[in-house]
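K.L.:
Would you mind keeping the following structure in view while I ask a few things?
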Amino acid sequence: MAENVAVVAGSSPQVATSPGSAGLKTQAPGSASTVGNLAGASGGVDAGNLVEVDIDEELFRFQSEDTALMSLMLKAKKRKVQSPEVDHYMIDEQRSTLTVETAVAQGSGNSFKLPLVANDREIPREHHTLLVKGVNGWNEDGSAETPGRDLMLFVTGRDTDGSPICRAVNGKRASAQAQCSTPAIPANSKVILLANAMYETQKEVDPDLIIPQPTRIYLQKRGMNQIVSDYFDAQKKRIPFTQATIAEQAILNFKRAGNRTLWAGRKSKFVVNVPKLGQQSIYTMEGVRWQFKKELQHTGKWTIEKLIALAKMFYTGEDVPKSALLLAGKNLLEEIQCIDFTKHPEVQMAAARNETLGWAVTRIHTVFGDIDIKREPTLDTLGWSNSGALIGEDRIVHYSYSTQHEFNDRVEGEEATRKGIVVWDGIALKGSCHIWIDGEGDEANAGATSYMMWEKDTAPTGADLIDGMVYYLVNDCPGINAAAQNGTMWKASVNSGTATWTEFAGEIFASD
């Protein structure tokens, strides 16, 4: 196909240029690299701007700190898949804490239904033992309570709705030889799943019921093309651009756009009509920003107490990662850098090197674990300078439908060569440890659990009282509950301006 450019005798074609980030009009989007086009874009000087590109895996990873999330993805576990649509299982750790939905009334019967919330009913199987926190057990002959020693249950069967049928192990007895009677168990009690207990000759038990909850993700096909005419390639360039400089800049532009997609892309699938080929599907991936199941809605100034609380939230949940990497916007990074550490000399902040990624980072050492902090310039570009992502390095999956490949084709009917790369992949968070720190006041993801750090000793009121919000207490807060101590989490259920408070155990449920 001939170039569709209007040419005035004795002049170069006029190519529309647009300014880059520095305001220089060096960008000519959608234009092939011909002598005429490059002359028009460079003010009439026949200077080369794009040259032959040799792209390999090492070049694709160059300047990794400028596109941190993409580099993190390339270092992650890689999974080759056979479809651009992937069922991703985010939760990979079995939960150990269950919740009682409605109260169990004390009675004289020996067995009873334990009414767990719907998500928990199928987890305990027959012969499992359960520990009911906060409910006193009784001594061995069942004649007296044992304060501080929790009640234990044994699962004997299942009710029609899937709830476990239990009997008490260390409950009240009418006599030393009698079975334990039904204990009183309050609603919202926490139940810890213990090991099963088998009878003398038993060797078969129900397998642990693990029901992963999949999320359908799409992998996005991305590419970069350069078209160089034979005539342009043969010219002696007046301005001595080196091939490496131009190749790196072209790839960096491709990586930056891809990195923005990895952060903020929205999931979609639609059909386009391709001339001569008919209808074809286009997939766009869901950015990491929309995959978090824990979101910390942060307001106010960062303090050392809040930073320690953040490390505790990250390292002490059901899903415990090996390491923590905080990719931060510039304003969040500045706030953390300015924290006063003098009150807690045991918490250290120092320059370090992340050996896995090869990055220079700021490492904060806490008793719960280390946090490596790295600035992510893309967050600033996307308007999230006050925010950041606390990510487990070993909890990321890189799905690849088509491995990265380069091509070098002759343009049909033209004296030109098209060079480029194509990748078809996507990134997904695995596990529930990851925390999005929102400093912009944005609404939380659907299905995510929102957290707020609360420093006052009075309960939240007015605009601070949010239905469904989980408040992490930096100080004791008797205004919420007498048991609301520093380091605990409490969830607010608000009805007509009145809050009902329940202690939050921290389980996270994935939802599509």
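The values are calculated or read from the model by the stated rules, or taken from the named source; none is laboratory data. Since this is a predicted model, take the numbers as computed values, not measurements. Note: ideal-geometry Cβ built from the backbone for every residue, glycine included; neighbour counts use all protein chains shown. The protein model used for the area step is the full one, side chains on, heavy atoms only, and it has no ligands, DNA or RNA in it. Shrake-Rupley method; radii C 1.70, N 1.55, O 1.52, S 1.80 Å.
K.L.:
Kindly check whether there is at least one residue in segment 135-155 that is touching a residue at least 60 places away in the same chain (Cβ under 8 Å), closer than 11 Å to R167 by Cα and within 41 Å of the chain's Cα centre (by Cα).
P.N.:
Checked against the condition, which is being touching a residue at least 60 places away in the same chain (Cβ under 8 Å), closer than 11 Å to R167 by Cα and within 41 Å of the chain's Cα centre (by Cα), segment 135-155 yields no hits at all.
K.L.:
Residues E346, E305: which one is over 30 Å from F270 (Cα atoms) and free of Cβ contacts under 8 Å to residues at least 24 places away in the same chain?
P.N.:
Working: E305 fails: free of Cβ contacts under 8 Å to residues at least 24 places away in the same chain.
Result of the check over E346, E305: E346.
K.L.:
Still on this structure, please answer the following. Can you tell me how many residues in segment 484-506 are open to solvent by 40 Å² or more (accessible area, probe 1.4 Å) and closer than 16 Å to K133 by Cβ?
P.N.:
4
K.L.:
Are there any pairs with C-beta distances below 6 angstrom linking a residue in segment 424-438 that is without any contact (Cβ under 8 Å) to a residue 12 or more places away in the chain to a residue that is among the hydroxyl-bearing types (S, T, Y) and open to solvent by 10 Å² or more (accessible area, probe 1.4 Å), with the two at least 6 apart or on different chains, and if so which?
P.N.:
Listed pairs, sorted by first residue: none to list.
K.L.:
Please find, within segment 196-243, the residue that is modelled with the lowest pLDDT out of those that are part of a strand (DSSP E or B) and open to solvent by 70 Å² or more (accessible area, probe 1.4 Å).
P.N.:
Ranking the candidates gives N225 first.
K.L.:
Additional query: Within segment 124-170, work out how many residues are outside any loop (DSSP other than H, G, I, E, B), of a type in the set (A, V, I, L, M), in contact with a Ser or Thr (Cβ under 8 Å, 6 or more places away or on another chain) and open to solvent by 10 Å² or more (accessible area, probe 1.4 Å).
P.N.:
Qualifying residue count for the region: 3.
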